[in-house]
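Reviewing the structure listed below.
The values are calculated or read from the model by the stated rules, or taken from the named source; none is laboratory data. Because the structure is predicted, anything quoted here is derived from the model rather than measured. For neighbour counting, all protein chains shown are included, and Cβ atoms are generated from backbone atoms with ideal geometry for every residue, glycine included.
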Amino acid sequence: STRQHVSNIQVMQNFDRSRYTGRWYAVAKKDPVGLFLLDNVVAQFSVDGSGKMTATAQGRVIILNNWEMCANMFGTFEDTPDPAKFKMRYWGAAAYLQSGNDDHWVIDTDYDNYAIHYSCREVDLDGTCLDGYSFIFSRHPTGLRPEDQKIVTDKKKELCFLGKYRRVSHTGFCESS
């Protein structure tokens, strides 16, 4: 079927948050409904001394229909019984940016090159995802290595998001602003 039961989605086994820390460049994304980061998306994950994970992210957004700006976002992660599934509380540096609580699942990563993130915001009555989003991250701003492309494509199929991703370009927009 083209729709996956959310509870059946496989996440990363033995996820190691300390190896996940550092900078990740979003190279592709599947958008949710509503305002979302357009491109130039870079996320930085950190783990503090007590093991708590936090993140900052920035990316280009357009607000008020035509005002283009670089949004700075912050997130804190609450643990769940599964080490690869977190509850993320997020908010923007500016009041007009969205805030909220989302699931943050790490579907797969090799820690050094690629990572696949998934979040379902709304689960339908039949257990499938009504509104969700996903990022494909790379450690390299130039994108995924050829050997990672196939793994990522297989995972997109498992998430039933194949063909729903858009490339995320990196033009330096947020570095200059």
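Scan segment 109-124 and tell me whether some residue there is in contact with a strand residue (DSSP E or B) (Cβ under 8 Å, 6 or more places away or on another chain), acidic (Asp, Glu) and closer than 28 Å to Lys150 by Cα. There is no residue in segment 109-124 that is in contact with a strand residue (DSSP E or B) (Cβ under 8 Å, 6 or more places away or on another chain), acidic (Asp, Glu) and closer than 28 Å to Lys150 by Cα.
If only one of Gln98, Gln58, Gln4 is within 24 Å of Leu159 (Cα to Cα) and either surrounded by 14 or more Cβ atoms within 10 Å (Cβ to Cβ) or not hydrophobic (A, V, I, L, M, F, W, C) (or both), which one is it? Steps first, please.
Values: Gln98 fails: within 24 Å of Leu159 (Cα to Cα); Gln58 fails: within 24 Å of Leu159 (Cα to Cα).
After ruling out the rest, the residue left standing is Gln4.
Of the numbered criteria (1) outside any strand (DSSP E or B); (2) touching a residue at least 60 places away in the same chain (Cβ under 8 Å), the one Met69 fails is (1).
Let's see how each residue does on (1) modelled with pLDDT of 95 or more; (2) surrounded by fewer than 20 Cβ atoms within 10 Å (Cβ to Cβ); (3) closer than 23 Å to Ile9 by Cα; (4) touching an Asp or Glu at 6+ places or on another chain (Cβ under 7 Å):
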| site | (1), (2), (3), (4) |
| --- | --- |
| Ile136 | yes, no, yes, no |
| Thr142 | no, yes, no, no |
| Asp154 | no, yes, yes, no |
| Leu162 | no, yes, yes, no |
| Ser177 | no, yes, no, no |
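The criterion of being out of contact with any Ser or Thr (no Cβ under 8 Å at 6 or more places or on another chain), among the β-branched types (Val, Ile, Thr), buried (at least 18 other Cβ atoms within 10 Å of the Cβ) and closer than 30 Å to Ile63 by Cβ does not hold for Ile116. Counting residues in segment 65-84 that are closer than 17 Å to Arg139 by Cα, exposed (fewer than 13 other Cβ atoms within 10 Å of the Cβ), in contact with a strand residue (DSSP E or B) (Cβ under 6 Å, 6 or more places away or on another chain) and at pLDDT 90 or above gives zero.
Would you point out which residue out of Phe15, Phe77, Phe45 is of a type in the set (Phe, Trp, Tyr), touching a residue at least 60 places away in the same chain (Cβ under 8 Å) and within 24 Å of Phe161 (Cβ to Cβ)? Steps first, answer last, please.
Values: Phe77 fails: touching a residue at least 60 places away in the same chain (Cβ under 8 Å); Phe45 fails: touching a residue at least 60 places away in the same chain (Cβ under 8 Å).
Criteria check complete, one pass: Phe15.
Looking at segment 38-54, is at least one residue under 15 Å from the mean Cα position of the chain (by Cα), surrounded by 14 or more Cβ atoms within 10 Å (Cβ to Cβ) and more than 21 Å from Asn101 (Cα to Cα)? Yes, segment 38-54 contains at least one residue that is under 15 Å from the mean Cα position of the chain (by Cα), surrounded by 14 or more Cβ atoms within 10 Å (Cβ to Cβ) and more than 21 Å from Asn101 (Cα to Cα).
Can you pull out every residue in segment 7-19 that is of a type in the set (Ser, Thr, Tyr) and within 17 Å of Ser119 (Cα to Cα)? Walk me through it before giving the result.
As a first pass, look at segment 7-19 and keep what is of a type in the set (Ser, Thr, Tyr): 7, 18.
Matches in segment 7-19: Ser7 only.
Taking into account only those residues within segment 85-95 that are surrounded by 13 or more Cβ atoms within 10 Å (Cβ to Cβ) and not aromatic (Phe, Trp, Tyr), which is modelled with the lowest pLDDT? Show your work before the answer.
Keep residues of segment 85-95 that are surrounded by 13 or more Cβ atoms within 10 Å (Cβ to Cβ), which gives 85-92.
Of the ones still in play, those that are also not aromatic (Phe, Trp, Tyr) are 85, 87-89, 92.
Working: Lys85: 98, Lys87: 97, Met88: 96, Arg89: 96, Gly92: 91.
Among those that are surrounded by 13 or more Cβ atoms within 10 Å (Cβ to Cβ) and not aromatic (Phe, Trp, Tyr), it is Gly92.
The residues of segment 18-37 that are surrounded by 13 or more Cβ atoms within 10 Å (Cβ to Cβ), among the β-branched types (Val, Ile, Thr) and in contact (Cβ under 8 Å) with a residue 60 or more places away in the chain amount to a single one, Val27.
If you check Asp131, Asp112, Asp126 for being outside any strand (DSSP E or B), of a type in the set (D, E, K, R) and at pLDDT below 95, only one passes: Asp126.
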